[in-house]
1. Please find, among A:Ala53, A:Ala22, A:Ala112, the residue that is within 30 Å of A:Gly345 (Cα to Cα) and either surrounded by fewer than 22 Cβ atoms within 10 Å (Cβ to Cβ) or without any contact (Cβ under 8 Å) to a residue 40 or more places away in the chain (or both).
2. I'm trying to understand the selection: among the residues of segment A:230-278, which are crowded, with 21+ Cβ neighbours inside 10 Å and polar (S, T, N, Q)?
3. Looking at segment B:82-125 only, could you name the residues that are at the interface with another protein chain (Cβ under 10 Å from one of its Cβ atoms) and of a type in the set (Val, Ile, Thr)?
4. Just to verify a result, which residue in segment B:80-122, among those that are of a type in the set (Val, Ile, Thr) and not in a loop (DSSP other than H, G, I, E, B), is surrounded by the most Cβ atoms within 10 Å (Cβ to Cβ)?
5. Answer with yes or no whether A:Arg125 is in contact with a Ser or Thr (Cβ under 9 Å, 6 or more places away or on another chain) and either of a type in the set (Asp, Glu) or in a helix (DSSP H, G or I) (or both).
6. Return the residues of segment A:323-351 that are facing chain B (nearest Cβ under 8 Å) and either touching a residue at least 12 places away in the same chain (Cβ under 8 Å) or outside any helix (DSSP H, G or I) (or both); say none if nothing qualifies.
7. Please enumerate the residues belonging to segment A:21-35 that are under 12 Å from B:Arg13 (Cα atoms), more than 7 Å from chain B (Cβ to nearest Cβ) and not small (Gly, Ala, Ser).
8. Restrict the check to segment A:87-105 and report whether at least one residue is closer than 26 Å to B:Thr29 by Cβ and in contact with a Ser or Thr (Cβ under 9 Å, 6 or more places away or on another chain).
Amino acid sequence: MIQTDTSPKPRRNVELVLIVLALAVGVGASALVSINSDVGLDRDFWFQSSLLAVAAFAFHMVLRLRAKYADPVILPIVVALNGLGLALIHRMDGPGDDTGNNQLRWTLIAMAVSIAVIWFLKDHRILRRFTYISLAVSAFLLLLPLIPGISAGEILGARVWIRVGPMTFQPGEIAKITLAIFFAGYLSSNRDLILLAGRKIGPMQFPRFKDLGPMITAWLVSIGVLVFQRDLGSSILFFGLFIVMIYVATSRISWVVIGLLLILGGGFIASQIFSHVAFRIDSWINAFTPEVFGRSPGGSGQIVEGLFGMADGGLVGTGLGQGRPDLVPFANSDMIVALIGEELGLIGLFAVVMLYLLLFTRGFRAALGTRDAFGKLLACGLSFAIALQCFVVIGGVTRLIPLTGLTTPFLAAGGSSLLANWIIVGLLLMISNTARGPVDTTPMVGKPPASSSTPGTRKPATGQTPSAPTEAVKQQ
Amino acid sequence: MNDISELTITALRFGFLLLLWVLIFSIVTTMRRDLQIGRKAVTGAPTAREVRKHPELAASPPPAIQHARTLVVTEGPLKGTTVPLAASPILLGRAQEATLVLEDDYASGRHARLFPQGSRWFIEDLGSTNGTYLADQQLTRALPVELGVPVRIGKTVIELRP
């Protein structure tokens, strides 16, 4: 609401300097891994490093062309995290393993998709038109792994993968973006109804069921499907996203209280019904009991080996390529945080946590700065999704909360997670572009303003075409 | 690898940790400038140092603010209706759940939203078909409504009065 009189600065040169530093982190990690293994700085190393650098600079050039005022910090942080992840995954590759190269391929695909999103979408407010389509797409994506034929079946106790040609893909990762778009679109236009209309019972005001219907549908779809898919981590992520976005939209603390109670109640019920949830909780509380440690399905060996690894790393770590993370199952995906703790030590792990924290604050900064309610909610939801994922993973690995199968954003091996998180970065960059750029006076619903020569306003920075709206506004 | 000494590897190990934190400190330094923009934007007032250098920047004391207390319909089917303004937002439109139900064929169900922020009231169009006009300018985003400035919704015109 408050007009800034400071002129907006693109700050792309600062971004370029930071990207060079971020690449130094990623390439430096790769170099250390190569030096400490037997191969040395071979052709693979130079090939991977130069590809990552080319992709990062290409992304930077696209921002110069299409999103001049985007946040200069987001891209360097993500490049650093992704580069570090590539090095660590490459480090875990045994002879004949191709996970590192696969991750590099997915990184390039994900960056290309993210660039395409920025290039073709131009303005995040267009997504508001797809509010209900996003809900349908989310439901479809979440149901995909249950359909026989394309389902990749049950892998590691969860049915969340589909088979696309030779690769497996986790559609739930993309669903978190479409769900965030739906929540943002629905809440930005119905916020007042949820807030104002409704019965008051005691000190609390309950919204009418009619106004909450679509929200409850969205929640039931995500939770219901995830119960059938047995994916605990994602259901926590979706539910957290739901609670946070409704809290941000209505600023009622009662939503958070209700949400936390529902999580605790739901967790208790799930631990009584589902054996895999019960195993998770047991191996969290009684991790060091020998029978729990050695239990074949659902034992705590993974967590405990990770903790031992981190203890071995101590303050400064054993050095990249010099620890024994091969003792930990899934050290390159679920337990990559334990690998960082072991080889880079507490100092290195805190640096990584700090990078996530900075990324999260930049997402919220974009939300605070942008002028439309939809963009605010979307930026909040997307950056919160990344933050919650970090909390669930790092909390699980350090035995603060039960370990659940979520991926560490940008670090862990896994193409679908990488793709989804790079798309989130693209959207955050686009929102920050409108937040930091000159005041954009184009209407939210795509209608050209009555008089284009409004005094005191500047032309929008993004070259939004003044074409007629593609979607008519519904008369209610 | 035997051609690289133990010492070099240790130096590289610590060098990498240093590099990680150099990156973080550069990022934080970059962000500092942003926080300053935020501060200026919020107050919008010149600092004491700037006023000392350029006395003309010193703002004259702001005129006494008159708070809006009522909303008056000045034109349209509901002409003469007044609505007292409290601290909660007001929904304008034809829908039954609106705070002020407009019996106006040119208004949308949920047409516009009038909400208080600080000491002022803002109007925001909720994606209506025929648009909301603040002093003959079609709204494209939320704008503050000053006292006595007409807001047109369909054939209805409302005003804020002290």
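1. On the way: A:Ala22 fails: either surrounded by fewer than 22 Cβ atoms within 10 Å (Cβ to Cβ) or without any contact (Cβ under 8 Å) to a residue 40 or more places away in the chain (or both); A:Ala112 fails: within 30 Å of A:Gly345 (Cα to Cα).
Only one candidate passes the filter, namely A:Ala53.
2. Passing the criteria: A:Ser234, A:Ser235.
3. Residues satisfying the conditions are B:Ile90, B:Thr99.
4. Within segment B:80-122, the first condition is being of a type in the set (Val, Ile, Thr), and the residues that meet it are B:81-83, B:90, B:99, B:101.
Now drop any that are not not in a loop (DSSP other than H, G, I, E, B), which leaves B:82-83, B:90, B:101.
Values: B:Thr82: 12, B:Val83: 16, B:Ile90: 21, B:Val101: 15.
It comes out as B:Ile90.
5. Numbers: in contact with a Ser or Thr (Cβ under 9 Å, 6 or more places away or on another chain): yes; either of a type in the set (Asp, Glu) or in a helix (DSSP H, G or I) (or both): yes.
Yes.
6. The first filter runs over segment A:323-351 and keeps only residues facing chain B (nearest Cβ under 8 Å), leaving A:344-345, A:347-348, A:351.
Once the filter is applied, which keeps residues that are facing chain B (nearest Cβ under 8 Å) and either touching a residue at least 12 places away in the same chain (Cβ under 8 Å) or outside any helix (DSSP H, G or I) (or both), segment A:323-351 yields A:Leu344, A:Gly345, A:Ile347, A:Gly348.
7. A:Val33
8. The answer is yes, given that some residue of segment A:87-105 is closer than 26 Å to B:Thr29 by Cβ and in contact with a Ser or Thr (Cβ under 9 Å, 6 or more places away or on another chain).
The values are calculated or read from the model by the stated rules, or taken from the named source; none is laboratory data. No experiment lies behind these values; they were computed from the predicted model shown. Here Cβ is always computed from backbone atoms with ideal geometry, including for glycine, and neighbour counts include all displayed protein chains.
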